[in-house]
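Derivation of every value follows stated rules applied to the coordinates shown; laboratory data play no part. Keep in mind that what you see is a predicted model, and the values were worked out from it rather than measured. Quick reminder, even Gly has a Cβ in these numbers, built from the backbone with ideal geometry, and neighbours come from all protein chains shown.
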Amino acid sequence: MNSKERMKYPEDFLNKFICGNAVDVMKQIPDGSIELVVTSPPYNLKNSTGNGMKDGRGGKWSNAALINGYSHYNDNMPHDEYVEWQRECLAEMLRIIPENGAIFYNHKWRVQAGLLQDRNDIVSGFPVRQIIIWRRKGGINFNPGYFLPTYEVIYLIAKPNFKLAKKANAHGDIWEFGQESKNKHPAPFPVELIERIILSTDADVVLDPFMGSGTTALAAKNLDRQFIGIDISPEYCEMAEERLANPMSVIKQITTNKKEKQANLFD
Ligand SMILES: C[S@@+](CC[C@H](N)C(=O)[O-])C[C@H]1O[C@@H](n2cnc3c(N)ncnc32)[C@H](O)[C@@H]1O
């Protein structure tokens, strides 16, 4: 599906991967129509104060999956522009969810110029109800000035009538799931993480405006829910389609025994 055509909601959206720009496509979805959004945007990792990944050679990050970036997006915006863009995306997501809806927005805090860059500049003013810590497996720590970073954050941004599904609150707010390392996409979610989120709600439809390899769609399908997936990259949209038909299709061949590094957190 290509977003350039004028699309009708819901028939052109439900259970479809739409190749296009997240904001433009979301603008075609009516107010209050989707109860759940789960997403992980690009983290702007190539914009960096140090020598991190930005020069394209990667240095110490040469073995990180994201060193080559995404297929159709270079993840390197001036910081202020990036924040403005992400706030625009969040505003669209918030418009789309009804009064009992929620957004699970995954992000990573980084250290830039020696100082912690939390993502408050992106989420401030939005109704953040809780921060879930997604504890990943430990990585490699190159920097003697920092403890090894092992988590990402998931902001639960909810409208007033949002309630968790029965018993979901028993999970607590620290979730442990190892990162997905066998997927051909450079920054995929683990399926189990998205299944946990979807099962924590009673939503029938879940939207992911940065769908990548289609993990949110696969989790929705596994749980008999519906999905809407958007990604700017035709390559990833195709990958997601194939994955839904055959979940093993995204598994990459490991041709090296070098350990893949997590994308950079401090520089
Ligand atoms: C962190 S990845 C998402 C990975 C996904 N959660 C998964 O499990 O595979 C971010 C995605 O955003 C996409 N992207 C970048 N800019 C975009 C835009 N303006 N609109 C829609 N998608 C975009 C990239 O192509 C990339 O696949």
**Complete:** One quarter of the C-alpha convex hull surface, i.e. the mean projected area of the range 75-140 in nm², amounts to 6.1 nm²
**Prompt:** Share of antiparallel DSSP beta bridges in the range 94-208, in percent to the nearest 5?
**Reply:** 85 percent
**Message:** Run lengths n ≥ 4 of DSSP H only: what is the helix-derived mean residue ellipticity at 222 nm for the chain, with -39500 (n - 2.57) per run over all residues, to the nearest 500?
**Reply:** -6000 deg cm²/dmol
**Asked** Which aspartates and glutamates, on any chain, are close to K182 with Cα under 18 Å apart, when same-chain ones fewer than 8 places away are left out?
**Response** E192, E235, E238, E241, E242, E260
**Complete:** When the chain is treated as a Gaussian network with springs between alpha carbons less than 10 Å apart, the largest mean-square fluctuation among L94, L116, L193 is found at L116
**Message:** Charges on Cβ only, +1 for Lys and Arg, -1 for Asp and Glu, centred on the Cα centroid of the chain; of L14, I232, V111, which one is farthest towards the dipole's positive end?
**Reply:** V111
**Request:** Count the net charge of all other residues whose Cβ sits under 10 Å from the Cβ of R135, scoring Lys and Arg as +1 and Asp and Glu as -1.
**Result:** 0
**Item:** Intensity falloff of the range 121-215 expressed as log10 I(q)/I(0), Debye formula with alpha-carbon point scatterers, at q = 0.10, 0.11, 0.24 Å⁻¹
**Value:** -0.34, -0.41, -1.47
**Request:** Give the long-range amide H neighbours of R136: residues separated by 5 or more places, or on another chain, with amide H under 5 Å away, using H modelled in the peptide plane at 1.01 Å from N.
**Result:** Y151, E152
**Request:** In a Gaussian network model over the chain where Cα atoms closer than 10 Å are linked, find which of L223, L45, L115 has the largest mean-square fluctuation.
**Result:** L115
**Item:** Angle between the chain longest axis and helix 79-96 axis [Cα atoms, degrees, rounded to 10]
**Value:** 20 degrees
**Message:** Here is the link list: K166/K252; K46/K167; K8/K252; K27/K159; K16/K252; K8/K167. Which ones come out longer than 29 Å on Cα distance?
**Reply:** K166/K252; K46/K167; K8/K252; K8/K167
**Prompt:** What is the antiparallel percent of DSSP beta bridges lying wholly in the chain, to the nearest 5?
**Reply:** 45 percent
**Asked** What does the chain give for Rg and for Dmax, in Å, if only its C-alpha atoms count?
**Response** 17.8, 54
**Asked** Gaussian network model of the chain, Cα springs within a sub-10 Å range: biggest mean-square fluctuation belongs to which of V206, V250, V38?
**Response** V250
